[in-house]
């Protein structure tokens, strides 16, 4: 069974919880593949119905919801954004980046960026910040934010591991 707080990154877990609390699937749709939208919508609706009935199935529905969100998220995420290995150095790097994006504070990650790439990294960070404040009902804008989020994570991961491709420079 999924231990969702350990396997979902904070941003996705937060979106999944808000979607469940509000019944608004738009919070989580941006983190899953587009071809899974209807399935996720049905999943949230069923989970909300079961949870509101206050039956003994409530916890099971809750666990099932997070398990399925995790599966869809894993199929959507960037291949090198490995949230299942948060204990590794790469995982800790991603957590640090997630925290900086959540707070909007570039200073939280400045120490991990070589001086020669600082201006470029800061510009990419600002791009993510500019896309972050989208309307929850604008799925297209939300997906643009998620794409920039993954691109920024990949860029910083490549910087920290010394693997910068020509397209990233």
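Since every read-out is calculated from the coordinates, none of them should be taken as a lab result. No experiment lies behind these values; they were computed from the predicted model shown. Note: ideal-geometry Cβ built from the backbone for every residue, glycine included; neighbour counts use all protein chains shown.
Going by neighbour counts of Cβ atoms within 10 Å, the residues 22, 47, 140 line up, fewest first, as 140, 22, 47. For the stretch 4-76, the Cα-based Rg and Dmax, in that order, read 11.2, 32 Å. Exposure proxy ranking for 30, 18, 113, based on other Cβ atoms within 10 angstrom of each Cβ and starting from the fewest, stands as 18, 113, 30. Annotation for residue 154 and residue 119: the two label points, set 7 Å from Cα along the Cα-Cβ direction, are 2.5 nm apart. Modelled label positions at residue 108 and residue 51, each set 7 Å beyond Cα in the direction of Cβ, lie 2.5 nm from each other.
First measure r as the distance between the Cβ atoms of residue 147 and residue 60, then evaluate 1/(1 + (r/R0)^6) with R0 = 41 Å and state the FRET efficiency to the nearest 0.05.
Working: r = 34 Å, r/R0 = 0.82.
The computed FRET efficiency comes out at 0.75.
Under the criterion of Cα pairs below 8 Å and six or more residues apart, the relative contact order for the stretch 4-76 equals 34 percent.
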